[in-house]
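So the structure is just underneath, and the comments pick up after that.
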Amino acid sequence: MLFYSLMDIPSKYNPLETEEKWYQYWQENGFFHSVPDDREPYTIVIPPPNVTGVLHMGHMLNNTIQDILVRRARMQGKNACWVPGTDHASIATEARVVAKLKNDGIDKSALSRKEFLEHAWEWKEKHGGIILEQLKKLGASCDWERTAFTMDQGYSESVISVFIDLHKKGLIYRGVRMVNWDPQAKTAVSDEEVVYKELNSKLYHVRYQVEGEDQWITIATTRPETILGDTAVSVNPRDNRFRHLHGKKVVIPMINRVVPIITDDYVDMEFGTGALKITPAHDINDYEIGVRHNLEVIDIFSDDGTLNQKAGIFIGMDRFRAREAVVKKLTEEGYLVKVEDYINKVGFSERTDAAIEPRLSMQWFCRMKEMSGRALENVMNNNIRFHPVKFKNTYRHWMENIKDWCISRQLWWGHRIPAWYIGGGNDFVVARTKDEALQLARKKSGNAGLVSDDLVQDEDVLDTWFSSWLWPIAVFDGIRDPGNRDYQYYYPTNDLVTAPEILFFWVARMIMSGYEYHGDKPFKNVYLTGIVRDKLGRKMSKSLGNSPEPLDLIKKYGADGVRVGMLLCSPAGGDLLFDESLTEQGRNFSNKIWNAFRLVQSWKTDDGITQPDHSVSAIKWFDSKLNESMVRLARLYEHYKLSEALMLIYKLFWDDFSSWYLEIVKPGYEKPVDVCTYNSTIGFFDSLLRLLHPIMPFITEELWQRLEKRGEAKSITVAAMPRPGKVNEKLLADFSNVMEVVSSIRTIRAEKNIPQKEPLLLKVRTSGEPDLLPMGEIIIKLANLSGINQSDSKPENAVSFMVKTTELFVPLEDKMDVGSEIARIKKELEYARGFLDSVMKKLDNERFVNSAPEQVVQNEITKKNDAESKILSLQERLRSLI
């Protein structure tokens, strides 16, 4: 059905004409869809991008890697299932919807919750999920029939069930704690959602007067605006400078509030002045000191970061403008002693980039220490493997210092917390529905007369991560129905591909939920990608203008070219220095494959031709080379060295197959090729396309369909991956020598300006050995030799070169330039001596010889012997010319 005429092969490969055609073909034939069967499952769940998201370079890398792993597993005969989906992204989505409403002249505060959510769902249906469509352009072979969304009905029920379960277990509680407040999003965020930046700040030295005395105590602060919320000044009890002030009080500047001087071991005597202003409402350490000393808590900030009535002055002013106003007032009133430059770290919201405000707030928390034990143990014992392993130490540090997780967010878009307050008070029950809550409330309160209107549901929603930590379980409905066939078959999944920056946000929490709700790991391997940076090492961002548009790259270089370009610079766990020239290199590789195919398909076959000896040898060699490469390739995939796997296949196709094999077996101009050689070449091409397919799906499908007539619903996507056969190591070593001989003769031709069409004679110094150049028929063809002769003497007027310890000569007769040959041999001799010196430094090092593996030492001894033999031969050759 999809067979093409040999005459119907365009001279140039045009990815724009093939990519959409083949992706549609794959989808129409259901090649990506998976249902449980008797095969071994291979499962990946996509790290769900924000429903607000569009494709960026990080997505390109992450999803290219996932697609390679999935396509390879599918071709290995496994039942491959790659589950796509999106995250509802509470903060980001609500911000988008609020902005959209504002543009429409609607303020969120003017809407009811129900009305706002109607707008949010409308926005999601219109704009959400764009990124999934964009992933199809990349070639992502997801099972689109399984596309999930973290606020789907079933998924939402799973999230609520887990909240209820953990609350029953005592692992979820409600309480007032110091939280990270995002004044822009007007919500609490978890510790892991705070990004710390080093800033050039100011350290303000401010003096406070001791009450009723002509004494002062000077404090140092980076946040003078919070002076308005001070409720004490603290000193270290061991600090003799302030011992005379113990038990006294000071007057807060500007507002004249009288507060105590207290002593606490927390105060660092070396920092600033040694005296610390205490603002329990706006600093976690101050809060803990306040608890110990029963201090008043004065919260001077509103939800949006402006000063409120409790500040007393500058009410309604933004906190940063208030800082300027406070400094000015302190100066005018004589309280500001001095200002110093100071470098400190300030927390910013990962989502909005607003400076975080530490704030006391009533929130919901999840106890993490109780769930972290098995999650830590099973990573450290390699039951779950990290690639690269260096991230185990980061993971261990986080898990050993884990804190309770603030899981409530002051938003409307998300999973609403299933807590119901009784009679407008703080007493509450947790239930799936209001009807269930009413029954529980009547029982808890002892008031059988309670009605539905007496219950008010908590206004907050759950942290987005509280839903995504269930992703590998919930996409298979493992919370609601743990016995279902999909969950039993696909879970635990095989590989997770994600970024190190969400190792704790997401990966660690998924591991914890996996052991909590399944008693097993959620995945077997975690492949951690690096950050995509530009070639100057800068993180890609729109503000810097250094982030290319992925779809533009695909349009320019083709999806296969972009995929290759991403892999060329992507060591596991290391940052990627992306350069657009790499995608150009990927496109050039596509063109190389295309042109090699056109060459082979242009050959005419003749049943009556005998297969030449050089073709027989070449086929044996490449068959062994292909098998050896497949063995190495399997090891690289096993260790998730995908960039190295690409380079292996790249060189196998470009160098070994195209530059060597095809050059050996191709027939003369307008001459036919024998059938056996042609069939072997087509077989090799088929194997190479299959090996390349996980990395370059589109061009491999196009050419695989052209190789031979295919039946209905046939695709390389579900074709079997070739398996390695026997590897003839001697044959590979012999051909390596052939390559060196041919390359040396070509160099001689170039240096002496001898045309390729002019035959040369090659002489081999035998030293009594009968056959020093196996596969001589290949050398004769590629180097255009009139013959290969053995000689026990050095011929006159000949250029010499060495391959291993064998000396070879190309007689040049009148073409010989003795002076140039002497210079060449001297240069080669200098290099050989330098090489021998480097080898001897190792062998003369007793520590190396005694501690290195025996084989490594033996390899160095072999290098020494070969170098010494080469030096003797070159010296002898030099003497004969002088």
Problem set entry | Net dipole in debye of the chain [+1 Lys, Arg Cβ; -1 Asp, Glu Cβ; about Cα centre; nearest 20] | 620 debye
Seminar exercise, completed: With +1 at each Lys and Arg Cβ and -1 at each Asp and Glu Cβ, the charge dipole magnitude of segment 315-419 around its Cα centre, to the nearest 20 debye, comes out at 440 debye
Seminar exercise, completed: When every protein chain stays in place and a 1.4 Å probe is rolled, Thr498, Thr273 sorted by accessible area with the largest first are Thr273, Thr498
For this session: Please report how far the C-alpha centroid of segment 145-162 lies from that of segment 38-65, rounded to the nearest whole angstrom.
Result: 18 Å
Exercise. Using the heavy atoms of the protein chains alone and a 1.4 angstrom probe, what is the accessible area of segment 446-532 per residue in square angstrom?
Worked result: 29 Å²
Exercise. In the chain, with Lys and Arg counted as +1 and Asp and Glu as -1 at Cβ, which of these residues, Ala431, Trp398, Ser791, has the Cα nearest the positive end of the dipole, that is, farthest along it?
Worked result: Ser791
Exercise. Of the peptides 744-751, 334-341, 150-157, how do they stack up when ordered by the mean number of other Cβ atoms within 10 Å, highest first?
Worked result: 150-157, 744-751, 334-341
Exercise. To the nearest 10 square angstrom, what accessible area does Arg533 show with a 1.4 Å probe?
Worked result: 60 Å²
Exercise. Under a point-charge model restricted to the Cβ atoms of Lys and Arg (+1) and Asp and Glu (-1), what is the dipole moment magnitude of segment 138-263 relative to its Cα centre, in debye to the nearest 20?
Worked result: 800 debye
Seminar exercise, completed: Partner lysines whose C-alpha sits under 23 Å from that of Lys21, ignoring same-chain residues fewer than 8 away, are Lys12, Lys136, Lys137, Lys555, Lys556, Lys592, Lys709, Lys714
Problem set entry | Dipole of the chain, positive direction: furthest Cα of Phe466, His614, Pro47, with charges on the beta-carbon | His614
Exercise. With a ≥ b ≥ c the root eigenvalues of the C-alpha gyration tensor of segment 116-159, is it rounded (a/c under 1.5), prolate (a/b larger than b/c) or oblate?
Worked result: oblate
Exercise. Rounded to the nearest whole Å², what accessible area per residue is found for segment 65-138 with the 1.4 Å probe?
Worked result: 42 Å²
For this session: Calculate the translational D of segment 244-391 in whole µm² s⁻¹ from Stokes-Einstein, where the hydrodynamic radius comes from the Kirkwood formula applied to all Cα pairs, the temperature is 25 °C and the viscosity 0.890 mPa s.
Result: 127 µm²/s
Exercise. Ordered by packing density, taken as the mean number of other Cβ atoms within 10 Å over each peptide's residues, highest first, how do 297-305, 220-228 rank?
Worked result: 220-228, 297-305
Seminar exercise, completed: The whole-number value in µm²/s of the Stokes-Einstein translational diffusion coefficient for segment 427-492, with Rh from the Kirkwood sum over alpha carbon pairs at 10 °C and 1.306 mPa s, is 109 µm²/s
Problem set entry | Eligible lysines near Lys277 by straight Cα distance, threshold 25 Å, same-chain separation 8 or greater | Lys197, Lys202, Lys248, Lys249, Lys310, Lys328, Lys329, Lys338, Lys345
Exercise. Can you name the helices of the chain, as whole DSSP H runs, whose Cα span along the helix axis is 18 Å or more and whose Kyte-Doolittle mean is not below -1.0?
Worked result: 57-75, 90-103, 153-168, 319-332, 550-568, 580-601, 613-638, 675-692, 729-752, 818-843, 854-881
For this session: Compare the peptides 313-319, 480-486, 844-850, 58-64 by average per-residue count of other Cβ atoms within 10 angstrom and give them in order, highest first.
Result: 58-64, 313-319, 480-486, 844-850
Exercise. Considering the Cα trace of segment 214-272, what is its radius of gyration and what is Dmax, both in angstroms?
Worked result: 11.4, 30
Exercise. Size of the chain along its principal axes in angstrom, Cα-based, largest extent first?
Worked result: 112, 68, 51
Exercise. Rolling a 1.4 angstrom probe over the protein heavy atoms, how many square angstrom per residue are accessible across segment 622-751?
Worked result: 40 Å²
Problem set entry | Options Tyr527, Asn494, Leu307, ranked by Cα towards positive dipole end of the chain, top entry (Cβ charges) | Tyr527
Exercise. Among the lysines, which have Cα under 19 Å from the Cα of Lys671 when same-chain residues fewer than 8 positions away are ignored?
Worked result: Lys604, Lys757, Lys781
For this session: Output the relative contact order of segment 221-299, whole-number percent, from Cα pairs under 8 angstrom with separation of 6+ residues.
Result: 36 percent
Problem set entry | Calculated FRET value between Arg538 and Met269, using beta carbons and R₀ = 45 Å, to 0.05 | 0.65
Problem set entry | Mean separation of Cα contacts under 8 Å, 6 or more apart, over the residue count of the chain: relative contact order % | 13 percent
Exercise. Roughly to the nearest percent, how much of the accessible area of the chain is carbon and sulfur, given a 1.4 Å probe?
Worked result: 48 percent
For this session: Let me see the pair-distance distribution of segment 343-465: every alpha carbon pair, 5 Å bin width, integer percents in order.
Result: 2, 9, 13, 13, 13, 13, 13, 10, 7, 5, 2, 1, 0
For this session: For Glu370, tell me the accessible area in Å² from a 1.4 Å probe, rounded to the nearest 10.
Result: 120 Å²
For this session: At 1.4 Å probe size, with no ligands or nucleic acids counted, give the accessible surface of Asp8 in Å², nearest ten.
Result: 80 Å²
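The values are calculated or read from the model by the stated rules, or taken from the named source; none is laboratory data. Predicted, not measured: the structure shown is a model, and the values here were computed from it. Cβ atoms come from the backbone with ideal geometry, glycine included; neighbour counts cover every protein chain shown. Each accessible area value is taken on the protein alone, full model and side chains, heavy atoms only, with ligands, DNA and RNA left out. Shrake-Rupley method; radii C 1.70, N 1.55, O 1.52, S 1.80 Å.
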